[in-house]
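Report on the structure given below.
The values are calculated or read from the model by the stated rules, or taken from the named source; none is laboratory data. The model shown is predicted, which means the values in this text are computed figures rather than measured ones. Counting neighbours? That spans all protein chains shown, and the Cβs are built from the backbone with ideal geometry, glycine included. Surface accessibility is based on the protein's heavy atoms, side chains included, excluding ligands, DNA and RNA. Shrake-Rupley method; radii C 1.70, N 1.55, O 1.52, S 1.80 Å.
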Amino acid sequence: MKPLRSFHPARRHRLGAASVAAMLLLSMCAGVHAAPAVAQSTVNALLEQAHVRDGATQAILVTVDAQDGPRARLSTYAYQSGHWSQVMGPVPAVVGKNGTSLHKHEGDMKSPAGIFRMGRAFGSKPEPNGVSLPYTRTTRYDYWVDDASSPDYNRWETWYGDPDQRWKSFERLRIPAYTYAAVIEYNTDPIRKGAGSAIFFHIWPGPDGHTAGCTAVSKQNVLKVLRWLDPARHPVIIQGSAEQLTALAHGKPRS
């Protein structure tokens, strides 16, 4: 929404009561729908954390419009010559149906908030040109296990038998949303039973959709990000609401 145009005090008499009321209503509506901004100092602090703790010189930043909703924006940053610079975005993104959480658990339909390493790429199609992350082409025998009672919990398993006989719950990795995707290394080392599983960066269902806990953008932007990520630069993803990101920047432990 464009900002209201300023007006000179001498011209105020030209504005009728209806015009003033309309302007006030527009301002109120804009305030209701505006997402809380993430302070640049918060972004800088999080990027510095990623650089110091993880050795990251590439970062994906996902800012969620509301802590309990799926709409988000994604940007990318690169560290070079002693400072971070924005590379891409922001572009529209979606997260879990119920937003993001610093204390995610299995089945809550939330994406984890925090700073996480980006893992290997995968997809049902051949490896795209220009991708340098390790890439695995999936088959119909590839699954990600979200059965918290299984020793395979939150692991990629290739199984040629009946998956229903082995696990109570699992995700098939050869589906349209995972035509191109990458693993977000949440709860992978160490694995905590019931803390959440199968967290990926993948193709979205659309700007008005949501995921079950992953982070998703358009197919075009998935490919753009995958081609940009370089494993030698230890890429991470930083995500959450403005409140969660502020808490993380002030040293709240990662979930």
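The modelled label-to-label distance for the pair Ser81/Tyr135, using points 7 Å beyond Cα in the direction of Cβ, is 3.1 nm. Each of Asp68 and Arg174 was given a label point 7 Å from its Cα along the Cα-to-Cβ line. The distance between the two points is 4.1 nm.
Each peptide in 46-52, 124-130, 95-101 receives the mean, over its residues, of other Cβ atoms within 10 Å, and ordering these scores from highest gives 95-101, 46-52, 124-130.
In whole Å, how far is the Cα centre of the stretch 97-162 from that of the stretch 207-231? What the calculation gives is 13 Å, centre to centre. Surface composition of the stretch 88-189: carbon plus sulfur atoms hold 47% of the accessible area, using a 1.4 angstrom probe and ignoring ligands, DNA and RNA. Across the protein chains, with a 1.4 Å probe defining accessible surface, the residues Val91, Val236 rank Val91, Val236 from largest area downward.
Dividing the radius of gyration of the alpha carbons in the stretch 193-241 by their Kirkwood radius gives 1.00 for Rg/Rh.
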